[in-house]
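Enquirer: Input: one structure, supplied below.
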Amino acid sequence: MINKAPIGVFDSGVGGLTVVKEIMNQIPGETIIYFGDTARLPYGSKSKETVITYTRQIVRFLMSKGVKAIVIACNTASALALDTVESEINIPVVGVVKPGAKVAAETTRNGRIGVIGTVATIQSGIYNEILNKSNSHVKVFGKACPLFVPLVEEGLVDDPVTFEMAKRYIGELLEKQIDTLVLGCTHYPLIRETIRKVAGEGITLVNPAYETAKCLAEVLEDKGLKNDDTPKSDHIFYVSDGAEKFRQFANTILPCEVVETKDINIEELV
Ligand code: DGL
C-alpha cells in the first residue's frame, strides 16, 4: 500500500528537523526517512550546479527507500534545485520557500518584509520573486547570514557570539522598517529566541516549517496518499557524517526519541 510508504525529508544538516517536528505534530500518522547531508554542509555557499547535484543524489537515495513524497526541508535546495528535481521524478515534492512566502504575504501590514537566509537563497532572489507575484506593492529586503548555519550546527543556539552576529545581520533590516521577518533557512528557527531579542516584539517572525507541513498534508490528501494510521515512531535518520552528534541534537528538538542515526556515504550509494 503506497499510503503506508514513508515521507522522505532532507536538509544539509539539522535545520530540516524544524520541519520534521511540524510534520510529526501535524500528521503523526506518517513515517519519516530523514537525510542530513552533514558531511557536505553548508549548501548556502555552493553553486546552483552543486546544489542540484547533491539534491539529485539525495532524492535518488530517498526514492530507493520507497518514499511516497519528498520534502526539501532546506531553503537553499528549494530555491536552487526544486524545479529541476520535481520535473525528473513522479512523486510529489514539497519545498519550504513557497509556503514561507505565502505566510509572509498574508502577515505583513505595512508591506515591508525582511528575509534572512543563506547567501545562495538570498542571491537567488526567489522570495522577492514569489512575494512580488502575490502582491506587487510588497517591498522585500534580503540579508544573507552565512555564519548562522555553522553556529547552529555547533550547538551555539543560545550564545553571546550568536547574539552579536544577529545584531550585525538583522540591525540592517530593522532600519528598513520591516514589520515581518522570514526565517528563510531551516536552521534559523533554532535560534529564534536570539533573533527575537534583536528584532524586538513588534516584528512578526515567519517560520516556514509550520506552513510546509500543512502544505504536505494537503498534497497527501489531494493525491490520496495520506496515512491515517496511528502515530508512528519508526522514523529513520541518516546523515553523511557525525551520526552521534546529530542524534543528540535531534533529541533536543523532536517530540519523539531518536534512538539511532545511521552514517552513510551517499556518493557511494547512488
Ligand atoms: N538549512 C538550509 C537552508 O534552509 C541550508 C543551510 C546550509 O547548508 O547552508 O537553507
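Every number here is computed from the coordinates shown, using simple stated rules; none is lab data. Every value quoted in this text rests on a predicted model; they were computed, and no experiment measured them. All Cβ positions, even for glycine, are placed from backbone atoms using ideal geometry, and neighbour counts span all protein chains on display.
Enquirer: Once you order the gyration tensor axes a ≥ b ≥ c over the Cα atoms, which shape class does the range 1-72 get: rounded for a/c under 1.5, otherwise prolate or oblate by comparing a/b with b/c?
Expert: Working: a/c = 2.90, a/b = 1.55, b/c = 1.87.
Verdict is oblate for the range 1-72.
Enquirer: What FRET efficiency comes out for Q123 versus D229 if R0 is 51 angstrom and r is the Cβ-Cβ distance? Round to the nearest 0.05. Let's see the in-between values first.
Expert: Details: r = 42 Å, r/R0 = 0.83.
About 0.75, to the nearest 0.05.
Enquirer: Could you list the trypsin sites (Lys or Arg not before Pro) in the range 221-250 that lie in coil according to DSSP, counting only those with at most 14 other Cβ atoms within 10 Å of their Cβ?
Expert: On the way: sites: K223, K226, K232, K245, R247; in loops: K223, K226, K232.
In loop regions of the range 221-250 (DSSP not H, G, I, E or B), the sparsely surrounded trypsin sites (Lys or Arg not before Pro) are K223.
Enquirer: To continue, here is another question. Stokes-Einstein at 20 °C, 1.002 mPa s, Kirkwood radius from Cα pairs: D for the chain in µm² s⁻¹? Walk me through the numbers before you get to the answer.
Expert: Details: Rh = 18.5 Å.
It diffuses with D of about 116 µm²/s by this estimate.
Enquirer: In addition: What would the Debye formula give as log10 I(q)/I(0) at q = 0.15 Å⁻¹ for the alpha-carbon point model of the range 157-202, no solvent?
Expert: Here the Debye-derived log intensity ratios amount to -0.34.
Enquirer: As I understand it, the dipole of the range 120-188 uses +1 on the Cβ of Lys and Arg and -1 on the Cβ of Asp and Glu, about the Cα centre. Which of C185, F148, P160 lies farthest toward its positive end?
Expert: C185
Enquirer: Run the reach check for K46 against lysines, Cα to Cα strictly under 18 Å, same-chain hits fewer than 8 apart removed. What comes back?
Expert: Reachable lysines: K143.
Enquirer: To continue, here is another question. Please tell me which of these pairs span more than 26 angstrom C-alpha to C-alpha: K133/K167; K133/K214; K98/K223; K133/K176; K48/K197; K21/K68? Before the final figure, lay out the partial values.
Expert: On the way: K133/K167 30 Å; K133/K214 21 Å; K98/K223 19 Å; K133/K176 21 Å; K48/K197 33 Å; K21/K68 19 Å.
With Cα atoms farther than 26 Å apart: K133/K167; K48/K197.
Enquirer: Helix-only estimate, please: 222 nm mean residue ellipticity of the chain, summing -39500 (n - 2.57) across DSSP H runs of length 4 or more and dividing by its residues, to the nearest 500. Before the final figure, lay out the partial values.
Expert: On the way: 12 runs with 124 residues, N = 270.
Value at 222 nm, helices only: -13500 deg cm²/dmol.
Enquirer: Take the Cα atoms of the range 134-186, find their three principal axes, and give me the spread along each one in whole Å, biggest first.
Expert: Projected onto its principal axes, the Cα set of the range 134-186 covers 39, 22, 15 Å.
Enquirer: Expressed as a fraction of 2.2 N^0.38 Å, the rule-of-thumb size for a compact globular protein of N residues, what is the C-alpha radius of gyration of the range 170-270? Spell out each step's value before the answer.
Expert: Numbers: Rg = 18.1 Å, N = 101, 2.2 N^0.38 = 12.7 Å.
Output field value: 1.43.
Enquirer: Anyone know which of T186, T121, T31 comes out most mobile in the 10 Å Cα GNM of the chain?
Expert: Result for the chain, Cα springs under 10 Å: T31 fluctuates most.
Enquirer: Here's something else I'd like to know. On the principal axes of its Cα set, how long, how wide and how thick is the range 43-164? Give whole Å, largest value first.
Expert: 44, 38, 23 Å, listed from the longest principal axis down.
Enquirer: Any chance you could run the full-extension gain for E201 through D179? It's 0.36 nm times the residue separation minus the Cα-Cα distance, nm to one decimal. Working shown, then result.
Expert: Numbers: separation 22, 0.36 × 22 = 7.92 nm, distance 1.00 nm.
Contour length minus the Cα-Cα distance gives 6.9 nm.
Enquirer: How big is the antiparallel share of DSSP beta bridges in the range 6-149, given as a percent to the nearest 5?
Expert: 0
Enquirer: Right, another one. Cα to Cα, under 19 Å, and not fewer than 8 places away if on the same chain: which aspartates and glutamates meet these conditions relative to K245?
Expert: By straight Cα distance, K245 reaches D11, D37, E153, E154, D158, D159, E257, E260, D263.
Enquirer: Using the basic label-point model (7 angstrom from Cα toward the beta carbon), what is the D241 to I264 distance in nanometres?
Expert: 1.9
Enquirer: Sticking with this structure for a sec: Could you run the Debye sum over the Cα atoms of the range 59-129, one equal point scatterer each and no solvent, and tell me log10 of I(q)/I(0) at q = 0.27 Å⁻¹, two decimals?
Expert: -1.23
Enquirer: Provide the FRET efficiency to the nearest 0.05 for the T84-S136 pair, computing r from the beta carbons and using R0 = 41 Å.
Expert: Values: r = 27 Å, r/R0 = 0.66.
Once rounded, the FRET efficiency stands at 0.90.
Enquirer: Would you mind computing, in nm to one decimal, how far apart the modelled labels at T107 and I253 are, each placed 7 Å from Cα along Cα→Cβ?
Expert: Label at T107, label at I253, 1.8 nm between them.
Enquirer: Using a simple spin-label model with points 7 Å from Cα along the Cα→Cβ vector, what separation in nm is obtained for M1 and R60?
Expert: With each label point 7 Å from Cα toward Cβ, the separation is 3.3 nm.
Enquirer: For the chain, with a Gaussian network of springs between Cα atoms less than 10 Å apart, report the residue from I178, I23, I253 with the top mean-square fluctuation.
Expert: Comparing I178, I23, I253 in the GNM, the peak value goes to I253.
Enquirer: Write down the Kirkwood hydrodynamic radius of the range 206-248, to one decimal in angstroms, obtained as one divided by the mean of 1/r over all alpha carbon pairs.
Expert: On the way: mean 1/r = 0.0757 Å⁻¹.
In the range 206-248 this quantity evaluates to 13.2 Å.
Enquirer: Also, quick follow-up: Can you pull out the GluC sites (Glu not before Pro) in the range 127-157 that DSSP calls coil and that have at most 13 other Cβ atoms within 10 Å? The partial results should precede the final answer.
Expert: Values: sites: E129, E153, E154; in loops: E154.
The qualifying sites are E154.
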